[in-house]
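What follows draws every value from the coordinates through simple rules; no lab data is involved. Computed from a predicted model, the values in this text were never measured in an experiment. We place every Cβ from the backbone using ideal geometry, glycine too, and count neighbours over all the protein chains shown.
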Ligand code: B1M
């Protein structure tokens, strides 16, 4: 049976070959993709703690990221599935000043699986690039990821630019990333916030549905708001 602890250790140590081999085994055994992802995400947490304690440095973080990306590439087809023709378009990117992309890639994969067409702008993305891509692709949504406290404030600039654009009244913005709290998302005026890739899908769908007048949700949409609306509907 695939050893998911070994997978976690492989990502921690930056051993891409082992990470890929264990992921292949796990997929062959039918372990659900999100279960396979979990030890890798945990590994990144451990790597981050070691970096904070100065036990490791940027090169070690990079090889761990490379190992995780190698394994994630195998999971992508499973997460994306073979959905129908996308009926929603999301422009995704990591905010200007920030080069982290694993979380953003994960959210993009999950959104693809939920029938979104994804325009991926990569990392270090300034506000004007988000807006230009949204216009070009007639996007419903901008999704911004931020991992650095020093640059996460740049997300506010994207939201302000969207609000100031007369030609984009239906475009919505959701934000996320490890340091991005619900409070922060509220302060910068985002339309949606999610703490992880799975809930980002629910939030993205709810935000677009709200813009299209298909739900009566209002204010900043986040997982608790969606859960409360479901409870009300079920009662
Ligand atoms: Co850097 N790094 N890093 N790093 N790095 C962190 C973020 C850090 C917390 C490590 C630490 O000190 N403990 C720290 C930030 C501290 C802070 O700001 N408070 C840090 C630092 C300081 C730095 C540098 C400044 C280091 C230096 O150069 N001295 C530098 C910055 C470079 C830059 O961006 N300008 C740097 C560089 C790097 C590498 C390039 C080496 C590499 C990134 C490689 C890559 O991404 N291609 C790297 C890595 C790997 C990390 C850690 C270890 C792992 C990040 C990761 O991939 N996590 C990280 C420590 C940590 O996070 N614990 C760290 C796994 C990923 C699945 O999680 O991205 O959080 P995450 O995504 C989650 C959720 O947050 C959410 O869903 C995802 C899945 O559930 N989510 C969204 C993400 N985006 C979302 C969007 C949404 C919704 C949800 O809606 C749109």
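So for 68, 13, fewest C-beta neighbours within 10 Å to most, what's the order? Provide the component values of the computation, followed by the final result.
Numbers: 68 27, 13 16.
Ordered by Cβ neighbours within 10 Å, fewest first: 13, 68.
Going by alpha carbons, how many degrees (0 to 90, nearest 10) lie between the helix axis of 58-80 and the longest principal axis of the chain?
Result, in degrees: 70.
Quote to one decimal, in nm, the extra length available between residue 135 and residue 150 on full extension: 0.36 nm per residue of separation minus the C-alpha distance between them. Could the numbers behind the result be given before it?
Working: separation 15, 0.36 × 15 = 5.40 nm, distance 2.82 nm.
Full extension from residue 135 to residue 150 adds 2.6 nm.
Where a ≥ b ≥ c are the square roots of the eigenvalues of the C-alpha gyration tensor, would you call the range 88-234 rounded, which needs a/c under 1.5, or, failing that, prolate if a/b is larger than b/c, or oblate?
On the way: a/c = 1.44, a/b = 1.27, b/c = 1.13.
It comes out rounded by the Cα gyration axes.
For the range 148-205, what does the equivalent ellipsoid look like in terms of its semi-axes, each the square root of 5 times an eigenvalue of the Cα gyration tensor, given largest first in whole Å? Please report the intermediate quantities before stating the final value.
Details: eigenvalues 73, 47, 12 Å².
For the range 148-205, the semi-axes come out at 19, 15, 8 Å.
Let's test the formula: R0 of 22 Å, r as the Cβ-Cβ distance of residue 1 and residue 78. What FRET efficiency results, to the nearest 0.05?
The pair residue 1/residue 78 has a calculated efficiency of 0.75.
Which order results if 100, 137 are arranged by neighbouring Cβ count within 10 Å, fewest first?
Working: 100 20, 137 14.
Ordered by Cβ neighbours within 10 Å, fewest first: 137, 100.
Quick one: compute the contact order of the chain, relative version, from alpha carbon pairs under 8 angstrom and 6+ residues apart, as a percent. Mind dumping the intermediate values first?
Working: 394 pairs, mean separation 33.0, N = 235.
Worked out over the chain, it gives 14 percent.
Evaluate E = 1/(1 + (r/R0)^6) for residue 186 and residue 209, where r is the Cβ-Cβ distance and R0 equals 22 Å; express this FRET efficiency to the nearest 0.05.
Numbers: r = 20 Å, r/R0 = 0.93.
It comes out at approximately 0.60.
Can you divide the C-alpha Rg of the range 1-85 by 2.2 N^0.38 Å and report the result to two decimal places?
Here the Cα radius of gyration is 1.12 times the empirical estimate.
Helix 16-28: angle to the longest alpha-carbon principal axis of the chain, degrees 0 to 90, nearest 10?
Long axis of 16-28 versus the principal axis of the chain: about 70 degrees.
Given R₀ = 25 Å, FRET efficiency for residue 35-residue 69 by Cβ-Cβ distance, to 0.05?
E between residue 35 and residue 69, to the nearest 0.05, is 0.85.
So what's the back-of-envelope 222 nm ellipticity for the chain, counting only DSSP H runs of four-plus at -39500 (n - 2.57) apiece and dividing by all residues, rounded to 500? If you can, show how the numbers build up before the last one.
Numbers: 10 runs with 132 residues, N = 235.
Estimated from H runs of four or more residues: -18000 deg cm²/dmol.
At a 10 Å Cβ-Cβ cut-off, how would you order 172, 135, 85, fewest neighbours first?
On the way: 172 22, 135 14, 85 6.
The fewest-first ordering by Cβ neighbours comes to 85, 135, 172.
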